[in-house]
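K.L.:
What follows is a single structure, and I will ask about it in a moment.
The values are calculated or read from the model by the stated rules, or taken from the named source; none is laboratory data. Bear in mind that the values here come from a model prediction, so they are computed numbers and not experimental data. Don't worry about glycine lacking a Cβ; one is built from the backbone with ideal geometry, like all the others, and counts go over all protein chains shown. These accessible areas exclude ligands, DNA and RNA; they are computed on the full protein's heavy atoms, side chains included. Shrake-Rupley method; radii C 1.70, N 1.55, O 1.52, S 1.80 Å.
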Amino acid sequence: MTLKQKELKVTLEDGSEVDIIVKRPTAKNLQDSSSLGTRVWTQGVRDGLFTKQSLEIFMEENGIWDKNKEKKQEEYIEKINTLEKELALGKSNGVKLKVSEGREKAIEIRRLRNELRRHISEKISLESNTADGLAENAKFNFLVSCCTFYANGNKVYNSMADYEDKSEDEISFQAASALGELMFQLDKSVEEDLPENQFLK
């Protein structure tokens with residue numbers, strides 16, 4: 001069943017607690033955030049920012065991200081998928097895995113996943129500052145500001161700017177995490193649930 005909201009008890013720096021509710025965005029919220037995203041994207045392009053597409057061309061022309069690096073990324077993903085499948089089946093090339101062999105494969109998956117993250121980190125960092133990246137960020141910030149309420153029903157944020165001013169505090173951090181879970185099934189325990197970590201447990 002799809003969760004409609006998340007209720008959270010947030011501990012503040014002074015030790016006091018605040019109850020907040022983060023609700024799944026309404027159709028109107030999503031429509032308004034999409035309109036905002038379009039405006040931010042358009043302004044970004046007018047200001048000379050790369051789009052995601054033009055950034056890809058720039059990265060390839062300047063050797064930041066080329067076909068070889070793309071191929072390397074695909075190879076990492078393919079190796080991880082193969083090892084995950086072997087762990088899940090408990091077999092490699094049709095032969096049952098010993099526990100020690102399974103442990104080695106789990107550790108290898110963890111290593112490959114870390115290497116993949118390092119491999120794509122520069123690309124992701126650059127993409128976050130494109131017109132597309134800023135538009136997506138603005139859309140999400142807008143939705144957090146619209147969908148976060150105190151237990152009494154009052155909104156936590158007066159506007160998106162109010163949320164962005166307070167984005168470093170604990171309430172904002174928890175609210176953004178909760179909205180990510182509601183919208184994108186982003187679970188805090190995602191690392192724990194990775195096949196290699198489940199096996200190593």
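K.L.:
Here's a check for you: in the range 1-29, which residue that is in contact (Cβ under 8 Å) with a residue 24 or more places away in the chain and among the hydrophobic types (A, V, I, L, M, F, W, C) is surrounded by the most Cβ atoms within 10 Å (Cβ to Cβ)?
P.N.:
Val22
K.L.:
What about Gly153, is it farther than 29 Å from Lys52 by Cβ and either in contact with a His (Cβ under 8 Å, 6 or more places away or on another chain) or outside any helix (DSSP H, G or I) (or both)? Walk me through how you get there before you give the answer.
P.N.:
Working: farther than 29 Å from Lys52 by Cβ: yes; either in contact with a His (Cβ under 8 Å, 6 or more places away or on another chain) or outside any helix (DSSP H, G or I) (or both): yes.
Taking the combined requirement at face value, the residue satisfies it.
K.L.:
So Lys139 ticks every box in (1) of a type in the set (Lys, Arg); (2) closer than 20 Å to Gly37 by Cβ; (3) modelled with pLDDT under 95 but one. Which box is left unticked?
P.N.:
Of the numbered conditions (1) of a type in the set (Lys, Arg); (2) closer than 20 Å to Gly37 by Cβ; (3) modelled with pLDDT under 95, the odd one out for Lys139 is (3).
K.L.:
Separate question: Please count how many residues of the range 90-112 are farther than 15 Å from Gln198 by Cα and either touching a helix residue (DSSP H, G or I) at 6+ places or on another chain (Cβ under 8 Å) or touching a residue at least 12 places away in the same chain (Cβ under 8 Å) (or both).
P.N.:
Here the count works out to 3.
K.L.:
To continue, here is another question. In the range 157-173, how many are in a helix (DSSP H, G or I) and open to solvent by less than 40 Å² (accessible area, probe 1.4 Å)? Spell out the reasoning first.
P.N.:
Pass one, the range 157-173, residues in a helix (DSSP H, G or I): 160-165, 170-173.
Still in the running and open to solvent by less than 40 Å² (accessible area, probe 1.4 Å): 162-163, 171-172.
Of the residues in the range 157-173, 4 are in a helix (DSSP H, G or I) and open to solvent by less than 40 Å² (accessible area, probe 1.4 Å).
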